[in-house]
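Chemist: Can you keep this structure in mind? I'll have questions shortly.
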Amino acid sequence: MKSKQNVSFDIQAFLDSAGIAKKIAAYRRGDVIFTQGDSCEHVMYIQTGSVKLSVLSKTGREAVVAMLGPGEFFGEACLAGQPLRMGSATAITPATILLVGKEKMIGLLHKQHTMSDRFISHMLARNIRIVEDLIDQLFNSSEKRLARTLLLLARYGMQDKPVRVVPKISQSTLAEMVGTTRSRVNFFLNKFKRLGFIEYNAELPLKINNSLLSVVLRD
């Protein structure tokens, strides 16, 4: 789960210099950034905050497909000609999002090789994580899946995130991500707390201790 970002390239500084960083939108916790079925017009870059990507089935059931943090792109399917959003994006904490128009992004990727390399690296890392999530769902217990999800939410292994604090998130959303029930999530959270793997209560953010990794590595 180590970051594959190219730390030698400051993407925010580059976007500032390219005159793109003026197109910024601020969202409060719970605000919808875009909805499934909306037209695809922008690639989005998270400056601050956290974003949940989800998909709604025809029967109205929601599945959480990703939780993203600062320095990550989303909405990039428009670059491949996708006319409508296949899912929804919601701010799970106050977030600042940079909007890059589709044509502008295509131009940057064609002309700026460092930017293109950085973006490709991001996409490859995202695809690897999707495959890891699928394997996790197929072979691991719900306890291991929850532990891995918490580590990912806390950006475990990211060089720019030494304090492992999980953004405020409901047990119902965690259950959707893990593929289990809210009662099972509550049971395992209490177990992790009792064993000293996590620290949390109703007033404070959930904090992840390094020892939680032992749950993921356990046979």
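Chemist: If you roll a 1.4 angstrom probe over the protein chains with everything in place, what fraction of the accessible area of the chain belongs to carbon and sulfur, to the nearest %?
Modeler: It is 56 percent, rounded to a whole number.
Chemist: Using only the alpha carbons, work out the radius of gyration and Dmax of the chain in angstrom.
Modeler: 17.8, 53
Chemist: On C-alpha positions alone, give me the angle between the axis of helix 182-194 and the longest principal axis of the chain, in degrees, nearest 10.
Modeler: Around 70 degrees separate the two axes.
Chemist: Another question, if that's okay. Calculate log10 I(q)/I(0) of segment 52-180 for q = 0.12, 0.15 Å⁻¹, where I(q) comes from the Debye formula with a single equal point scatterer on each Cα and nothing for solvent.
Modeler: Once normalised to I(0) and log-transformed, intensities are -0.54, -0.85.
Chemist: May I pose another question? Below 8 Å, C-alpha to C-alpha, sequence gap of six or more: please give me the relative contact order for the chain in percent.
Modeler: That works out to 21 percent.
Chemist: Per-residue ellipticity at 222 nm for the chain, helices alone: DSSP H runs ≥ 4 residues times -39500 (n - 2.57), over residue total, nearest 500 deg cm²/dmol?
Modeler: -11500 deg cm²/dmol
Chemist: In nm, to one decimal, how far is the modelled label at residue 63 from the one at residue 131, with both set 7 Å along Cα→Cβ?
Modeler: Label-label distance for residue 63 and residue 131, simple model: 1.9 nm.
Chemist: Looking at segment 175-205, which GluC sites (Glu not before Pro) are in a loop (DSSP not H, G, I, E or B) and have at most 12 other Cβ atoms within 10 Å?
Modeler: Of the GluC sites (Glu not before Pro), the ones in loops of segment 175-205 whose Cβ has at most 12 other Cβ atoms within 10 Å are 203.
Chemist: Mind ranking 193, 102 by accessible surface for me, highest first, 1.4 Å probe?
Modeler: The residues order as 193, 102, largest area first.
Chemist: So, for the chain, what is the accessible surface per residue at a probe of 1.4 Å, expressed in square angstrom?
Modeler: Averaged over the residues of the chain, the accessible area is 55 Å².
Chemist: Express the relative contact order of segment 141-217 as a whole percentage, based on alpha carbon pairs under 8 Å and six or more residues apart in sequence.
Modeler: For segment 141-217, the relative contact order is 37 percent.
Chemist: May I ask which residue of 13, 114, 63 lies farthest towards the positive end of the charge dipole of segment 11-136, with charges of +1 (Lys, Arg) and -1 (Asp, Glu) on Cβ and the Cα centre as origin?
Modeler: Going by the charge dipole, the pick is 13.
The values are calculated or read from the model by the stated rules, or taken from the named source; none is laboratory data. Remember, it's a predicted structure, so these values are computed and weren't measured experimentally. With ideal geometry, Cβ positions are generated from the backbone for all residues, glycine too; neighbour counts draw on all protein chains shown. Side chains are part of the model used for accessible areas, which takes the heavy atoms of the whole protein and leaves out ligands, DNA and RNA. Shrake-Rupley method; radii C 1.70, N 1.55, O 1.52, S 1.80 Å.
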